[in-house]
Amino acid sequence: MRAHTAAIFADGGWLAGFSGLEHRPEQERIARAIAGALHEDRALLCEAGTGVGKSLAYLLPGLIRAVEQKRQLIVSTHTISLQEQLDTLDLPLCRKFFAQVPELRDFAPFRSAVLVGKANYLCTTRLAQALRGQAELFATAEQEELKRIAAWAGSTKEGLRHELHPPPAPEVWESVNADSAACSRKHCDGSCPYQRAKARLRDAHVIIVNHSLLFSLLAAGGERRGGGGARGVLFPDDFVVIDEAHTLPEVATAHFGLSVSSYGLDRLLKGLYHPKKKRGLLQRHGAAADRLLVEDSLETAAQFFGFLRDRFLQQKPIVRVREADAAEPWLDEPLLRLSAALDRLGTAREGTPAGDELAQAAERVKAWRGSITSFLRLALADHVYWLERGGRAGQIVTLRSAPLDVAPRLRATLFESETGVVLTSATLAMGGAIEPFQLRVGAESARAVIEKSPFDFERQMRAYVAADIAPPGGDTRLDLEGLVDYLRFCTLRTAGGSLVLFTSYNDMKGAAAVLAPALAEAGRPFLMQGEGASRTELARLLRQAGNGVLFGTDSFWTGVDVPGRALSQVIITRLPFEPPTHPVAEARAEWVEARGGNAFAEIMLPEALVKFRQGIGRLIRSRADRGVVTILDPRVLTKTYGREFIAALPCPRFERMTRADREEIFRPFP
């Protein structure tokens with residue numbers, strides 16, 4: 001593998017000139033480092049600036065190793081756009097490249113698969129069951145939806161929910177998807193889309209997955225087989241590349257804690273038996289007494305979550321819980337009785353699809369009971385606990401917890417897995433040092449390499465800072481007035497498209513209400529997050545518009561790829577510090593300071609710098625791109641830490657501007 005990698009990426013090597021590609025020294029160096037880490041089954045952290053070509057740098061050596069060693073390469077991404085790029089562009093390019101190089105042709109037939117959650121797949125066994133019992137399972141309109149799904153099942157390529165247009169009704173899809181013990185090799189034949197997908201996964205050399213699903217599986221214990229000591233992260237003997245790894249601490253925090261919502265429990269219980277619609281698993285396979293247990297659990301759940309909402313969440317939508325026994329364990333007995341009944345019914349039907357479904361339902365009810373008990377007892381001392389109120393009407397209550405430090409779990413699941421693990425991103429380091437990130441993810445023993453972007457930012461990028469806008473914390477009305485004034489000036493003076501990044505949804509809505517009419521009058525298409533379109537769709541519309549203005553918050557700081565004139569300006573409205581009052585941020589600050597550390601320097605500033613670098617990184621995506629970065633937060637000029645943000649700009653210089661001189665100072669590219 002190492003010899004092949006050297007020959008592929010060398011100056012004048014096999015890759016040079018293929019499909020218009022040129023030799024990039026930075027790409028060659030990281031490809032060699034990745035090949036070495038995979039060959040030795042060790043960990044590597046790799047920061048590779050935009051334009052280095054990191055996807056091919058890990059895919060080509062990774063695929064060679066997977067085929068040679070008959071081991072699986074897992075590639076995990078944070079965003080759907082990168083997942084789609086790898087699946088539809090990069091992997092076909094690798095196959096074509098292997099096929100044209102005589103020494104590499106044996107690698108061209110590699111097999112790939114995309115791993116998605118079970119609930120996204122149709123199960124033909126469950127579909128057949130639903131069709132047989134449709135009269136008792138569904139209302140008339142839902143029966144028509146079931147027939148539509150059945151007709152689609154005969155022609156669908158993968159059996160994935162997103163292939164069906166319009167999307168299936170959720171209640172009907174829940175009765176036919178593969179997220180059930182009834183969907184198994186024991187009960188399903190080769191026509192089941194999920195079982196076909198599992199077969200492809202077993203045979204694949206490379207599997208693409210997203211971080212959320214990867215960490216959901218890891219939090220549940222992974223899918224490694226063979227027992228203790230088996231190397232691998234997700235599957236036996238696999239090796240892993242985690243792209244967009246800067247999001248790893250955030251994703252791990254979300255998945256290594258608890259999340260128990262009133263909505264989720266209600267769905268689980270009504271899937272067992274829906275009192276009003278008289279349907280569900282126990283309507284078909286239980287007695288009246290069993291269904292009464294569900295009704296009792298539903299009634300008690302409404303009282304339990306209603307009490308928490310009324311007691312804690314009337315004034316604020318997020319409240320930290322510091323003391324155990326925030327409520328009486330009202331659900332403990334009802335859920336215990338229900339799980340026992342499900343166990344009994346499942347045992348009586350052992351070996352049948354219904355028996356497997358009942359046994360699985362019993363385990364799920366037990367898991368919910370255990371999670372609620374753990375929350376009420378604040379069972380883990382190294383976790384922070386809080387309550388959230390959400391949903392359109394603000395009636396959904398969620399019990400949440402998160403580990404204060406994810407490093408031990410990540411160290412155990414990734415870096416002590418005895419296999420190759422590569423973490424890569426354009427933004428892992430802080431001030432050129434990658435050690436803070438290593439500590440956060442438990443990768444202290446991993447080797448680290450940093451390769452800067454090959455782009456000529458001095459020629460391709462200009463940066464401006466507004467010096468006279470009111471800083472955060474001042475009068476909200478004046479802040480919004482100053483913000484809108486600068487946004488109007490900067491967007492209307494810049495040719496091409498603009499991405500405006502906010503840290504507050506309320507700020508974004510307030511600015512949009514004032515600015516959207518002016519943009520429409522100027523013939524600038526206006527797009528905003530939260531109005532129905534997905535991030536992928538909004539990015540597509542911005543590319544298509546050519547001169548659009550897109551307003552986005554948190555998720556738009558990373559992963560949006562709009563090359564060319566369609567994105568000629570990125571505007572940072574506020575430095576992306578996380579709110580210090582959120583329970584996780586507050587508890588982590590207390591934890592760091594109790595150890596004698598500085599929470600701002602160790603947590604808040606590094607996280608903000610990574611997000612800032614990601615936001616800036618949306619602008620220059622190719623050697624041909626040119627554009628402007630505009631920062632509307634004067635703290636980069638007035639605060640000591642501001643110099644770190646200025647140093648994080650890829651272009652060597654920036655210019656200050658005020659309302660008095662901005663007409664002369666601000667010079668976007670034509």
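Are there helices (runs of 4 or more DSSP H) fully within region 260-354 with at least 2 residues that are among the hydroxyl-bearing types (S, T, Y) and touching a strand residue (DSSP E or B) at 6+ places or on another chain (Cβ under 8 Å)? List them.
262-272
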Original post:
Inside region 11-30, can you point out the residues that are within 31 Å of the chain's Cα centre (by Cα), in contact (Cβ under 8 Å) with a residue 40 or more places away in the chain and assigned to a loop (DSSP other than H, G, I, E, B)?
Top reply: R24
Original post:
Somewhere in region 62-74, is a residue touching a residue at least 24 places away in the same chain (Cβ under 8 Å), of a type in the set (G, A, S), surrounded by fewer than 24 Cβ atoms within 10 Å (Cβ to Cβ) and assigned to a helix (DSSP H, G or I)?
Top reply: no
Subject >> Hits in region 612-663 - residues which are under 18 Å from F600 (Cβ atoms) and among the hydroxyl-bearing types (S, T, Y) >> reply: T638, T640, Y641
Original post:
Out of all the residues in region 13-20, is one or more hydroxyl-bearing (S, T, Y), touching a strand residue (DSSP E or B) at 6+ places or on another chain (Cβ under 6 Å) and outside the structural domain of D625 (by TED's automatic domain parsing)?
Top reply: no
Original post:
Among the listed residues L44, L56, L89, which satisfies the condition of being assigned to a helix (DSSP H, G or I) and under 27 Å from I434 (Cα atoms)?
Top reply: L56
Original post:
What is the number of the single condition among (1) touching a residue at least 60 places away in the same chain (Cβ under 8 Å); (2) surrounded by 20 or more Cβ atoms within 10 Å (Cβ to Cβ); (3) of a type outside the set (A, V, I, L, M) that R364 does not meet?
Top reply: (2)
**OP:** Take region 396-430 and flag every residue that is under 25 Å from V560 (Cβ atoms) and out of contact with any strand residue (DSSP E or B) (no Cβ under 6 Å at 6 or more places or on another chain).
**Re:** S425, A426, T427, M430
**OP:** Name, by its number, the condition in (1) within 30 Å of E418 (Cα to Cα); (2) modelled with pLDDT of 90 or more; (3) in a loop (DSSP other than H, G, I, E, B) that does not hold for I207.
**Re:** (3)
**OP:** Identify all residues within region 484-528 that are of a type in the set (F, W, Y) and either surrounded by fewer than 20 Cβ atoms within 10 Å (Cβ to Cβ) or over 22 Å from R667 (Cβ atoms) (or both); write none if there are none.
**Re:** F489, F502, Y505, F526
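Given L137, L146, L164, which one is touching a helix residue (DSSP H, G or I) at 6+ places or on another chain (Cβ under 9 Å) and surrounded by fewer than 20 Cβ atoms within 10 Å (Cβ to Cβ)?
Answer to the check: L164.
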Original post:
Exactly one of (1) surrounded by 14 or more Cβ atoms within 10 Å (Cβ to Cβ); (2) modelled with pLDDT under 90 is unmet by V116. Its number?
Top reply: (2)
**OP:** Taking the residues in region 545-582 that are closer than 16 Å to P668 by Cα and among the hydrophobic types (A, V, I, L, M, F, W, C) as candidates, determine which candidate is surrounded by the fewest Cβ atoms within 10 Å (Cβ to Cβ).
**Re:** A566
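The values are calculated or read from the model by the stated rules, or taken from the named source; none is laboratory data. If you're wondering where the values come from, they're calculated on a predicted model, not measured in any experiment. In this analysis, Cβ positions are derived from the backbone assuming ideal geometry, glycine residues included, and neighbour counts consider all displayed protein chains.
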